[in-house]
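The structure appears right after this line, and notes come after that.
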Number of protein chains: 2
Amino acid sequence: MKIVVLKFGGTSVGSAERIKNVAKIVTSYLKKKFKVIVVSSAMGGETNRLINLSKEISSNFTSSEYDTLVAAGEQISCSLIAGRLNDQGHLSRSWLSWQIPILTTGNYSYSRIESIYKKNIINFLKKGGVPVIAGFQGINSENRVTTLGRGGSDASAIMIAKFFKAEKCVIYTDVDGVYTTDPNVVPKAKKIKKISYEEMLEMASLGAKVMQPNSIQDARLNRIDIEVRSSFKNKAGSLITKRKNISTKNIIRGVSFTKNDAKITLVGVKDRPGVAAKIFEPLFKNSINVDMVVQNISSYKKETDLTFTIKNEDLLKTEKLIKKNKKIIFKKLIIDERVSKVSIVGVGMITTPGVTYRMFNALAKKNINIQVISTSEIKISVLVERKNLKKAVDVLHKEFKLDY
Amino acid sequence: MKIVVLKFGGTSVGSAERIKNVAKIVTSYLKKKFKVIVVSSAMGGETNRLINLSKEISSNFTSSEYDTLVAAGEQISCSLIAGRLNDQGHLSRSWLSWQIPILTTGNYSYSRIESIYKKNIINFLKKGGVPVIAGFQGINSENRVTTLGRGGSDASAIMIAKFFKAEKCVIYTDVDGVYTTDPNVVPKAKKIKKISYEEMLEMASLGAKVMQPNSIQDARLNRIDIEVRSSFKNKAGSLITKRKNISTKNIIRGVSFTKNDAKITLVGVKDRPGVAAKIFEPLFKNSINVDMVVQNISSYKKETDLTFTIKNEDLLKTEKLIKKNKKIIFKKLIIDERVSKVSIVGVGMITTPGVTYRMFNALAKKNINIQVISTSEIKISVLVERKNLKKAVDVLHKEFKLDY
């Protein structure tokens, strides 16, 4: 069987009109002789509506009931989609996770799919049926409803694609693919035809809001091709796939950036072994994610300056934690909220020397000062003043021939 | 165990505020050492919202998907109620019908509860837990969601009360009980403290919109006491119970009426054996409910006049069916839409002679002409001109000492 998993996000099923459009998309795959499994999110706005109700009820709403509550959203969208497919003459039905079943492990609201019982769905596909599966949810060993966390419908789609050995998984959303950078910042940004899992992971965690990093990681581990495309236009999207399927003609796949960073510098830190660990330990314990870190070389005074970045929203908490941390001694704490991180991402840089030089040189020519640097195998990130953000993204996009 | 089933209707759980109030009501029963089972409807307006979505999707929406769709409404309200009870320190959880399970038979959207698996709920009650059960729904032998039809949450509550041998079933709604007649028509209408199932059935089917007749019948067959009361005020409601629990001091329990009747008279029908059956057969086949019927005694001409009443909304369809009915011959068809049915209901009339006379006499004194009469063991109904409706209800309410 040539199976395709089609996943529809909230805006793609946000109204009766949008759901009718979903049925049209499904029909187009059936015409191409695909066996189609639909996975749907809740209608746009529905999950938030339910979450807000839970907040009105209790500031500490039970997580097991929360999961049962929000799971109702996908039950609604899936029955509507199946109803529309029936209306259009197709054999189709909704499948809720307890009906399949989809078994999960882990805590409520953050569960992971462990197994999917395939027999009933396979039989239905063989009869020519289109199963419409509620995304984002499962049941646990206590026969209770669980959810996979926000963006969990992507995770559902990918695990379903894995268990049913689908040819590919198509993520229908309201953007038409992955771009070389944010088109709102750089109008010359281009849609990327193919991008590797690893590049997408770097782009996603750096700010390209197309898919949750966890889901991309799941797809990578299971070698599942993902196409991200718009349900609003009939245009090819971007394929997220294995490195070997992609040309490395382009050294850099894209330029990503963040806007909500803050930089903290501890001046005159008593430099003793393990001091960095002592600084970061309370931050980790409070789920504050430290991103870029740079430490000056110790001077003869046995003092050093330590600079690191965090998300803006964690700033107040971080400041408090550092100030009450008795295990460290420092002279001054300097905070700068007017910074942004700009990154170039591409598997091509592994085999191409001089990428770092070209990046720094291009920024220098525009008088953009680099404050902090961090690198991975396929990514180079620099921290710049926020006022230089657009200029930096522009020049890098051009330098690495993404404007074409 | 002293079990009470508390059922909350849509307006009683219509907002976060209302749900907080539900938790207060539950707490008051727990304080009285009751084991409480909550049964809830969907939040007011939710079911209609979902039904409207299904209509936008298809004018012929699949009934199995319809049931899955609308069942989401109770999933939402029940998890919110359980979440609130948790917030208030009570052990509580939502139970969806597949989790119990509640098994139903019959067609989608009109299913009936066949059995309820009790063990898990009983264990939870023994631990001091408050199960919050989704009303209006069940699952069928194919493991799919079914619903019990509109007003089905009452049916759920009564069947749950039956299976768990509850002491009573309290129906919380937005009216504070059953009245001797509609207080909007007769300001002197009084709340009835106790009413028998049979009287309630006559009142309900005649227009008192407190509970669905099917649910009252279920309660009657299973001898379950039902209290109907308001969740908006802390006041005793009306108890629907066995005849033997009720004083027959009052001959008449209430005066009910309808506003949407139409009267049809066939003049000069050829009177042959089985002619009435020939007239009514096509109506029954088209689900048109014929209510009152009167046929004149045949004259020497072998002709008769046949008069019957139907609901106004069925009038056009009925007219068409009669006109194209080749099996009957008649001279003229007369339609009167300006009629109303007024009924007096009470088990006391069984043992009290002269009730009919008193009724007719009271109406005659007010110059109200009686067009058609129908009677049952505990009810006398008359058809009057609609303009006389209020006057008729008033005089009967007074005549049978319901004004007190």
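For the reader, a short list of remarks on this structure follows.
- Qualifying residues in region A:238-265 (those that are hydroxyl-bearing (Ser, Thr, Tyr) and assigned to a loop (DSSP other than H, G, I, E, B)) - the one farthest from A:Ile195 (Cα to Cα): A:Thr258
- Residue match in region B:119-134 (condition: farther than 22 Å from B:Lys2 by Cα, modelled with pLDDT of 95 or more and among the polar types (S, T, N, Q)): no
- When we screen B:Lys387, B:Lys401 for residues that are basic (Lys, Arg), within 27 Å of the chain's Cα centre (by Cα) and in a loop (DSSP other than H, G, I, E, B), the only hit is B:Lys401.
- B:Ala23 meets all of the listed conditions (1) out of contact with any helix residue (DSSP H, G or I) (no Cβ under 6 Å at 6 or more places or on another chain); (2) outside any strand (DSSP E or B) but one, namely (1).
- The set of residues from region A:130-153 being farther than 24 Å from B:Ile121 by Cα and more than 13 Å from every other protein chain (Cβ to nearest Cβ) comprises A:Gly135, A:Phe136, A:Leu148, A:Gly149, A:Arg150, A:Gly151, A:Gly152, A:Ser153.
- Meets criteria (among the basic types (Lys, Arg), buried (at least 24 other Cβ atoms within 10 Å of the Cβ) and either assigned to a helix (DSSP H, G or I) or more than 7 Å from chain B (Cβ to nearest Cβ) (or both)) for A:Arg49: no
- Verdict on A:Glu377 being at pLDDT below 95 and within 23 Å of the chain's Cα centre (by Cα): yes
- When each of A:Pro183, A:Pro101, A:Pro131 is tested for being of a type outside the set (A, V, I, L, M, F, W, C), under 26 Å from A:Gly237 (Cα atoms) and free of Cβ contacts under 8 Å to residues at least 60 places away in the same chain, the lone residue that passes is A:Pro183.
- Tally of residues being under 14 Å from B:Ile160 (Cβ atoms), within 23 Å of the chain's Cα centre (by Cα) and surrounded by fewer than 17 Cβ atoms within 10 Å (Cβ to Cβ) across region B:97-133: 2
- Yes/no for B:Glu74 being under 23 Å from the mean Cα position of the chain (by Cα) and in a helix (DSSP H, G or I): yes
- Verdict on B:Ser92 being touching a strand residue (DSSP E or B) at 6+ places or on another chain (Cβ under 8 Å), within 22 Å of B:Gly128 (Cα to Cα) and more than 9 Å from chain A (Cβ to nearest Cβ): no
- For region A:96-116, the count of residues that are at the interface with chain B (Cβ under 8 Å from one of its Cβ atoms), in contact with a helix residue (DSSP H, G or I) (Cβ under 7 Å, 6 or more places away or on another chain) and under 29 Å from B:Gly44 (Cα atoms) is at least one.
- Evaluating B:Pro282 against the criteria (1) more than 23 Å from B:Val393 (Cβ to Cβ); (2) crowded, with 19+ Cβ neighbours inside 10 Å; (3) in contact (Cβ under 8 Å) with a residue 40 or more places away in the chain leaves one unmet condition, (2).
- Selection from region A:52-66 of residues that are in a helix (DSSP H, G or I) and either in contact with a Leu (Cβ under 6 Å, 6 or more places away or on another chain) or facing chain B (nearest Cβ under 8 Å) (or both): A:Leu53, A:Ser54, A:Glu56, A:Ile57, A:Ser64, A:Glu65, A:Tyr66
- Test: A:Leu80 is of a type outside the set (Asp, Glu), more than 7 Å from chain B (Cβ to nearest Cβ) and more than 15 Å from B:Gly83 (Cα to Cα): no
- Annotation note: of B:Ile329, B:Ile380, B:Ile373, the sole residue that is hydrophobic (A, V, I, L, M, F, W, C) and farther than 23 Å from B:Ile251 by Cα is B:Ile329.
- Extreme residue, farthest from B:Ser256 (Cα to Cα), among residues of region B:353-381 that are out of contact with any Ser or Thr (no Cβ under 7 Å at 6 or more places or on another chain) and among the basic types (Lys, Arg): B:Lys365
- Residue within region A:171-183 that is buried (at least 23 other Cβ atoms within 10 Å of the Cβ) and at pLDDT 95 or above present: yes
- Considering region B:16-32, the residues that are surrounded by 15 or more Cβ atoms within 10 Å (Cβ to Cβ) and polar (S, T, N, Q) include one that is nearest to B:Met159 (Cα to Cα), namely B:Thr27.
- Total residues in region A:23-76 satisfying the condition of being charged (D, E, K, R) and in contact with an Asp or Glu (Cβ under 7 Å, 6 or more places away or on another chain): the figure is 0.
- Hey, A:Ile57 over 18 Å from A:Ala134 (Cβ atoms), over 24 Å from the mean Cα position of the chain (by Cα) and crowded, with 21+ Cβ neighbours inside 10 Å or not: yes
- When we screen A:Val4, A:Val39 for residues that are more than 9 Å from chain B (Cβ to nearest Cβ), assigned to a strand (DSSP E or B), more than 15 Å from A:Phe136 (Cα to Cα) and hydrophobic (A, V, I, L, M, F, W, C), the only hit is A:Val4.
The values are calculated or read from the model by the stated rules, or taken from the named source; none is laboratory data. As the structure is a prediction and not an experimental result, all values here were calculated from the model. Neighbour counts run over all protein chains shown; Cβ positions are idealised from the backbone, glycine included.
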